[in-house]
1. With A:63, A:94, A:15 as the choices, which residue is within 16 Å of DNA strand D (Cβ to nearest atom) and within 14 Å of chain B (Cβ to nearest Cβ)?
2. Does residue B:103 fit the bill of being among the aliphatic types (A, V, I, L, M), within 11 Å of DNA strand D (Cβ to nearest atom) and touching a Pro at 6+ places or on another chain (Cβ under 8 Å)?
3. Here are A:182, A:210: which of them is closer than 13 Å to residue A:100 by Cβ and of a type outside the set (A, V, I, L, M, F, W, C)?
4. Where residues in the stretch B:21-39 are outside any helix (DSSP H, G or I) and surrounded by 14 or more Cβ atoms within 10 Å (Cβ to Cβ), which of them is nearest to DNA strand D (Cβ to nearest atom)?
5. Being in contact with a strand residue (DSSP E or B) (Cβ under 8 Å, 6 or more places away or on another chain) and either of a type in the set (A, V, I, L, M, F, W, C) or within 14 Å of chain B (Cβ to nearest Cβ) (or both) narrows it down to one residue among A:126, A:110, A:175, A:118; which is it?
6. May I ask you to list the residues in the stretch B:93-145 that are acidic (Asp, Glu) and more than 19 Å from residue B:10 (Cβ to Cβ)?
7. Please specify each residue of the stretch B:128-157 satisfying the condition of being under 14 Å from the mean Cα position of the chain (by Cα) and on the phi > 0 side of the Ramachandran plot.
8. State yes or no: is residue B:162 aliphatic (A, V, I, L, M), touching a strand residue (DSSP E or B) at 6+ places or on another chain (Cβ under 6 Å) and not in a loop (DSSP other than H, G, I, E, B)?
Number of protein chains: 2
Amino acid sequence: MTASPEPQPLTGPVEDYLKAIYDLELVGSPASTNDIADRLAISPASVSGMVRRLADQGLVSHEPYRGVRLTGDGRRAALRTLRRHRILECYLTEVLDYPWDRVHAEAERLEHAASEELVERMAAALGDPVQDPHGAPIPTRDGRVEESALRTLAEAAPGEQVRVRRVHDKEPARLRYLAELGIRPGCHLRILDKAPFDGPITVWVEDAVGGATRAVGVGLAAQVYVESEGQA
Amino acid sequence: MTASPEPQPLTGPVEDYLKAIYDLELVGSPASTNDIADRLAISPASVSGMVRRLADQGLVSHEPYRGVRLTGDGRRAALRTLRRHRILECYLTEVLDYPWDRVHAEAERLEHAASEELVERMAAALGDPVQDPHGAPIPTRDGRVEESALRTLAEAAPGEQVRVRRVHDKEPARLRYLAELGIRPGCHLRILDKAPFDGPITVWVEDAVGGATRAVGVGLAAQVYVESEGQA
DNA sequence: AATCAATTCTAGGGTGACCTAAATCCCATC
DNA sequence: GATGGGATTTAGGTCACCCTAGAATTGATT
């Protein structure tokens with residue numbers, strides 16, 4: 001039984017790496033150097049260097065040329081950061097009325113500076129939210145998350161009725177556009193049509209005023225995660 | 001007329017130096033290397049190095065062996081950081097009910113990460129406060145402050161009645177103790193006695209429940225700024 | 001089995017921000 | 001007007017994090 005011996009503070013970049021690796025590992029396989037580099041907009045060579053340092057600190061295990069996996073410590077650290085990030089996002093939108101599309105960037109900076117105490121105070125003020133404004137689940141204080149495997153809107157079939165559960169949060173422009181379309185976590189969609197050859201997906205947006213028909217390209221649809229609610 | 005050309009983001013350490021120099025300059029003379037080093041808990045040699053960099057960036061002017069002064073740009077940057085810091089302190093105490101003595105440390109970290117937008121939203125939520133929880137004035141958006149020259153409690157004479165305007169905020173333990181004594185910005189004191197040879201100052205604390213007599217050492221009294229309200 | 005492209009790692013650099021130790025400068029005092 | 005102590009700067013080093021260029025590895029394809 002290893003007692004948890006004070007999680008010592010990590011640097012901002014380290015926290016960013018751990019989050020990225022956590023995310024990449026979610027799909028199953030270990031995170032590749034290139035994928036990490038892409039996600040952090042950093043050269044692959046720099047990733048190699050940093051991964052060595054992370055491994056030295058016992059946060060990841062690295063099989064050269066094979067990829068990187070979080071250790072127990074690494075995973076715990078990643079989840080702590082993720083919790084901070086997502087609670088900050090909630091607080092910014094709900095209490096400070098921050099615009100949907102700018103919340104991510106602000107939280108991205110604050111998550112490295114905000115203390116556990118601050119974040120827990122925010123969580124308490126919000127009544128311990130369980131998901132952030134983009135539908136991502138918030139890890140609990142003791143590091144549990146239930147990352148449900150969701151399909152994307154791009155994979156839904158015509159005739160299906162779905163509920164939007166989550167959307168990607170990185171790109172403000174896409175978020176603004178989705179908001180314009182009325183597509184947000186929690187809203188209901190009916191898939192009307194799916195054009196061949198990766199063509200646009202036509203959906204009926206239940207929750208728009210009076211309902212509305214919208215066409216969404218596959219690229220965007222792939223960033224919208226849905227859960228089936230039955231056939232038409 | 002130099003148009004203000006986007007204040008580019010400064011690093012955390014740079015902001016800390018500028019704040020320190022601003023503070024030291026308040027007493028009139030240019031900031032000395034040693035004083036800056038003391039305040040930031042850094043070696044004097046490191047300060048020399050950093051000051052060169054600050055001068056290169058046009059934020060300070062440095063006369064070797066003579067001290068450092070903020071330039072216009074440097075002063076503006078310092079005041080922006082100070083505004084962020086103090087609004088954060090207000091927000092943390094008033095909205096998130098943060099304990100008086102821990103607010104400073106948290107704000108110290110957040111001030112480097114919080115965007116202008118966030119801080120202004122907080123300020124708006126508070127109705128644009130003009131001073132922080134320790135009584136320090138908050139610079140306006142356009143960089144104005146009125147730093148009133150105050151006497152300290154250590155300088156007050158027996159018989160005087162004073163109002164506490166401001167207390168130093170760096171040391172949590174001292175703040176907690178002052179709070180215990182009932183001494184906070186806004187409270188009223190009557191100086192009952194001042195023991196010789198830097199002995200303790202005995203005060204009547206008006207605002208304590210039913211009023212209370214307290215003795216304060218000079219060291220602590222020197223960190224409490226007061227404004228006279230008349231003689232007994 | 002050999003080769004080739006993509007991936008990943010190593011080598012070698014650069015910057016910011018810190019350090020200690022050793023000059024150097026200032027000035028108050030003799 | 002020399003001198004010594006205190007303040008300051010320079011010299012030289014470390015660490016984290018990033019870079020580009022080039023070498024090494026992989027495994028997919030001939």
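Read the figures in this text as sums done on the coordinates, not as results from a lab. Owing to the predicted nature of the structure, the values given are computational and were not obtained by experimental measurement. Methodologically, a virtual Cβ is constructed for each residue, glycine included, from the backbone with ideal geometry; neighbour enumeration extends over all protein chains shown.
1. Of the residues listed, the single one that is within 16 Å of DNA strand D (Cβ to nearest atom) and within 14 Å of chain B (Cβ to nearest Cβ) is A:15.
2. no
3. Unique residue meeting the criteria: A:182.
4. The extreme case among them is B:32.
5. Just a single option satisfies the conditions, and that option is A:175.
6. If the condition is that a residue be acidic (Asp, Glu) and more than 19 Å from residue B:10 (Cβ to Cβ), then B:94, B:97, B:101, B:106, B:128, B:132 are the ones that fit.
7. Matches in the stretch B:128-157: B:135 only.
8. Yes: the conditions hold for residue B:162.
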